[in-house]
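Below: one structure, written as structure tokens.
The values are calculated or read from the model by the stated rules, or taken from the named source; none is laboratory data. Bear in mind that the values here come from a model prediction, so they are computed numbers and not experimental data. Because the Cβ atoms are built from the backbone with ideal geometry, glycine has one as well, and the counts that use them run over all protein chains shown. Each accessible area value is taken on the protein alone, full model and side chains, heavy atoms only, with ligands, DNA and RNA left out. Shrake-Rupley method; radii C 1.70, N 1.55, O 1.52, S 1.80 Å.
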Amino acid sequence: MAAFIKISSFEDGQVIWSKGSKIDSWRFIITGLVAASVESSSGLLMPISIYGEGSWFGEQSIINRKASYADFVCLSSTEVMSISSEIVLELMETQPTFALYLTRLMAWRVQKTSEMLMLMKFGNPCLRVVMGLSQFAEALFYHSDRPPTIGFGQGVEIPVKQKVLADLCGVSRTILNRPGF
């Protein structure tokens, strides 16, 4: 596989894929954070999924052969390893264990995203803050690729600006900083 792997670096704020663009590779985050973001009605990018170190992303568009459903934006300096979409599709057809891994990953992510969107839509600002922060904690601690089965056992430092946190939570910075959160 080494012949098929490419390493790339991106700066904070740099777009890896734009919404509507073709996803040409499956990416693994070596260092950094990446958000799948969509544009809000006011023109701001709103993160909907966060991917941390040790996470793969891009599989949904590769398997469905669809353009990117979101802008994938680096939340910090990020280094990624890439495997071409052609290789991923070949592995899906020839390696049942790989296909099972990818299927479970996608099913879990779809369920998690659906639950998160429901909570963010119907929840109050306090719940939105907690759920938004949990996405960062999960991305940093569990690598965004499986349901958590054990507790954190330690704190998690979130290396992004408050504005990004507030946007992810769907609240203003004022609400995010309100005493009691």
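Residues in the stretch 69-121 that are in a helix (DSSP H, G or I) and either without any contact (Cβ under 8 Å) to a residue 24 or more places away in the chain or not small (G, A, S) (or both): 35 in all.
Please enumerate the residues belonging to the stretch 69-102 that are open to solvent by 40 Å² or more (accessible area, probe 1.4 Å) and of a type in the set (S, T, N, Q). Within the stretch 69-102, S77, T94, Q95, T97 qualify.
Check whether at least one residue in the stretch 36-43 is within 27 Å of K163 (Cβ to Cβ) and either open to solvent by less than 20 Å² (accessible area, probe 1.4 Å) or in contact with a helix residue (DSSP H, G or I) (Cβ under 8 Å, 6 or more places away or on another chain) (or both), and report yes or no. Yes, there is a match, as at least one residue in the stretch 36-43 is within 27 Å of K163 (Cβ to Cβ) and either open to solvent by less than 20 Å² (accessible area, probe 1.4 Å) or in contact with a helix residue (DSSP H, G or I) (Cβ under 8 Å, 6 or more places away or on another chain) (or both). Can you find a residue that is among the aliphatic types (A, V, I, L, M), in contact (Cβ under 8 Å) with a residue 12 or more places away in the chain and open to solvent by 70 Å² or more (accessible area, probe 1.4 Å) anywhere in the stretch 16-26? So far as the stretch 16-26 goes, no, none of its residues is among the aliphatic types (A, V, I, L, M), in contact (Cβ under 8 Å) with a residue 12 or more places away in the chain and open to solvent by 70 Å² or more (accessible area, probe 1.4 Å).
Please go through the stretch 55-68 and give me each residue that is open to solvent by 20 Å² or more (accessible area, probe 1.4 Å), in contact (Cβ under 8 Å) with a residue 40 or more places away in the chain and assigned to a loop (DSSP other than H, G, I, E, B), ordered by number. Across the stretch 55-68, the qualifying residue is only A67.
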